[in-house]
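The values are calculated or read from the model by the stated rules, or taken from the named source; none is laboratory data. Please read all numbers here as calculations on a predicted model, not as lab measurements. Backbone-built Cβ (ideal geometry, glycine too); neighbour counts: all protein chains shown.
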Amino acid sequence: MSKVKTSFFCQSCGTQHAKWQGQCNSCKTWNTLTEEVIEKSTKKDWNASQKTNQAGKPLKIDQIDTQHEPRINSGDEELNRVLGGGIIPGALMLLGGEPGIGKSTLLLQIAMLVNCKVLYVSGEESQRQIKIRSERITNASDQCYILSETKTQNIFSQIESLTPDLVIIDSVQTLHTDYIDTSPGSVSQIKECTAEFIRFAKKTHVPVFLVGHITKDGQIAGPKILEHMVDVVLHFEGDRNHIYRILRTKKNRFGATSEIGIYEMQSQGLRAVNNPSELLISDKDEKLSGHAIAATIEGVRPLMVEIQALVSSAVYGTPQRTSTGYNTKRLNMLLAVLEKRAGFALGSKDVFINITGGISIDDPAIDLAVIVSILSSHHDIEVSENYCFTAEIGLSGEIRPVPKVEHRIQEAAKLGYEAIIISKFSKIGKPNDTIKVIPISKIEDLVTYLFG
Ligand code: TYD
Ligand code: MG
């Protein structure tokens with residue numbers, strides 16, 4: 001059988017090399033050579049058999065029919081929301097995440113919940129193993145088929161006879177195609193196998209989920225181009241030592257990328273968390289210093305998180321600044337602002353910040369709560385647990401407004417907080433009667449207000 005010819009191309013200047021080497025001969029950059037297919041065999045593949053070689057014709061945009069494509073309800077509210085309303089027919093969706101985070105569990109759960117014929121293909125587990133896992137999760141569905149296979153040609157022939165409405169592949173790194181000689185998981189194998197599934201999905205309008213492993217630095221393993229090829233890139237993240245998992249979209253051709261889904265990993269699989277704010281805030285018997293609640297927004301979803309700080313005298317010469325779930329550079333900036341603008345000598349103190357629940361937050365609106373928790377720990381005075389905070393801190397110590405402040409106030413009111421501290425410059429429409437809104441413009445005012 002004639003195999004595909006491959007060659008190595010520099011990703012920076014495009015020079016072709018006969019074999020792999022560390023440095024490009026032409027532009028002298030390192031580690032830019034990747035293997036690419038230069039000639040494919042003409043043997044029948046998915047595409048060839050479907051006579052797709054006819055050239056496409058341009059259509060007027062208002063003549064293109066989209067009516068017949070309702071979204072498929074995945075049976076999982078969180079996933080539906082993250083995808084922008086359900087699974088799109090013909091979409092290729094890539095789900096990445098660290099090993100053991102729950103990718104296989106999530107997709108198996110979808111396979112059992114969704115109300116259509118599903119083919120779940122695993123290259124990592126046997127049919128028995130998957131069955132045992134599924135027994136932990138939910139009652140067996142009578143439309144869920146399991147296949148243990150890694151060769152794409154065999155998968156396609158099974159798909160042709162079974163005609164499923166949804167295909168799940170766990171994982172793309174275990175797939176291999178006959179047309180390429182390299183081992184599974186290599187760049188050209190991943191690219192080619194994904195391309196085959198894209199052709200399949202676009203031709204038949206069957207949606208496909210692909211699981212992708214990620215590398216040490218959090219990228220989906222394989223060429224970056226993989227993320228360009230697919231329609232949706234999802235990331236399943238979380239701290240393995242915590243039970244919360246967050247499903248995020250990195251790319252979505254059919255919806256917003258700002259939505260997140262929150263799950264809790266239980267012994268019976270993943271459970272959607274409907275009210276994350278209540279879960280992310282720890283219960284305490286007594287009042288403790290160094291805690292503050294921030295009203296943040298993830299996507300369009302308001303979320304209350306608890307910030308904990310510990311300020312203590314530095315044992316070594318250089319004080320430590322450590323943060324979990326919060327950007328350390330931003331923490332250093334806040335400490336500098338506190339020192340310069342509010343006169344707190346924290347230069348000789350160790351400062352530790354932690355966001356409870358194991359989640360990490362990029363929203364600058366939690367700045368104010370971070371400052372409050374640091375000051376609370378520094379003075380050893382607790383902040384009332386009925387207060388929450390939402391504002392960004394500027395370099396000159398000014399308290400700046402944040403977007404969607406009304407959503408944040410509403411969420412705080414809904415959860416029963418008595419007061420929320422916001423920037424004086426926030427634009428809010430009609431006042432909320434159930435919660436006291438306290439506008440503040442400078443750090444000095446905040447310190448006087450909270451700590452006297
Ligand atoms: P898994 O889906 O195998 O992760 P991935 O495919 O991303 O590598 O999930 C693995 C972890 O989830 C595993 O360590 C055990 C745990 N788990 C539960 O806690 N409850 C369950 O019901 C299942 C199926 C797994
Ligand atoms: Mg897995």
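Here are the numbers for the structure shown:
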read-out	value
Test: residue in segment 367-375 that is of a type in the set (A, V, I, L, M) and in contact with a Cys (Cβ under 8 Å, 6 or more places away or on another chain)	yes
Qualifying residue in segment 254-270 (condition: within 23 Å of ALA195 (Cα to Cα) and either away from ligand 2 (no atom under 16 Å from the Cβ) or not aliphatic (A, V, I, L, M) (or both))	yes
Complete set of residues in segment 395-418 that are surrounded by 15 or more Cβ atoms within 10 Å (Cβ to Cβ) and of a type in the set (Gly, Ala, Ser)	GLY397, ALA412, ALA413
Filter result (among the acidic types (Asp, Glu) and either more than 16 Å from ligand 2 (Cβ to nearest atom) or farther than 15 Å from ILE359 by Cβ (or both)) within segment 236-253	ASP239
Yes/no for ALA369 being under 19 Å from MET304 (Cα atoms) and either surrounded by fewer than 16 Cβ atoms within 10 Å (Cβ to Cβ) or free of Cβ contacts under 8 Å to residues at least 60 places away in the same chain (or both)	no
Residue match in segment 407-420 (condition: more than 13 Å from PRO302 (Cβ to Cβ), in a strand (DSSP E or B) and either in the same structural domain as ALA295 (by TED's automatic domain parsing) or free of Cβ contacts under 8 Å to residues at least 24 places away in the same chain (or both))	yes
Test: residue in segment 72-92 that is surrounded by fewer than 18 Cβ atoms within 10 Å (Cβ to Cβ) and under 16 Å from CYS144 (Cα atoms)	yes
SER289 touching a residue at least 12 places away in the same chain (Cβ under 8 Å) and either within 21 Å of the chain's Cα centre (by Cα) or not assigned by TED's automatic domain parsing to the domain that holds LYS414 (or both)	no
In segment 139-180, residue surrounded by the most Cβ atoms within 10 Å (Cβ to Cβ) [restricted to those that are of a type in the set (D, E, K, R) and not in a helix (DSSP H, G or I)]	ASP170
Residues located in segment 247-263, provided they are within 26 Å of ASN139 (Cα to Cα) and at pLDDT below 90	GLY261, ILE262
In segment 223-237, the residues that are free of Cβ contacts under 8 Å to residues at least 12 places away in the same chain and either closer than 19 Å to ILE88 by Cβ or in contact with a helix residue (DSSP H, G or I) (Cβ under 9 Å, 6 or more places away or on another chain) (or both)	HIS228
Residue list for segment 254-300, filter: within 16 Å of ligand 1 (Cβ to nearest atom), over 17 Å from GLY357 (Cβ atoms) and loosely packed, with under 14 Cβ neighbours inside 10 Å	SER267, GLN268
Residue in segment 163-173 that is of a type in the set (Asp, Glu) and either over 24 Å from the mean Cα position of the chain (by Cα) or within 16 Å of ligand 1 (Cβ to nearest atom) (or both) present	yes
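Rundown of residues vs (1) at pLDDT 90 or above; (2) under 29 Å from the mean Cα position of the chain (by Cα), yes/no style:
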position	(1), (2)
PRO401	yes, yes
LEU415	no, yes
ILE421	yes, no
GLY429	no, no
VAL437	yes, no
ILE440	yes, no
PHE451	no, no
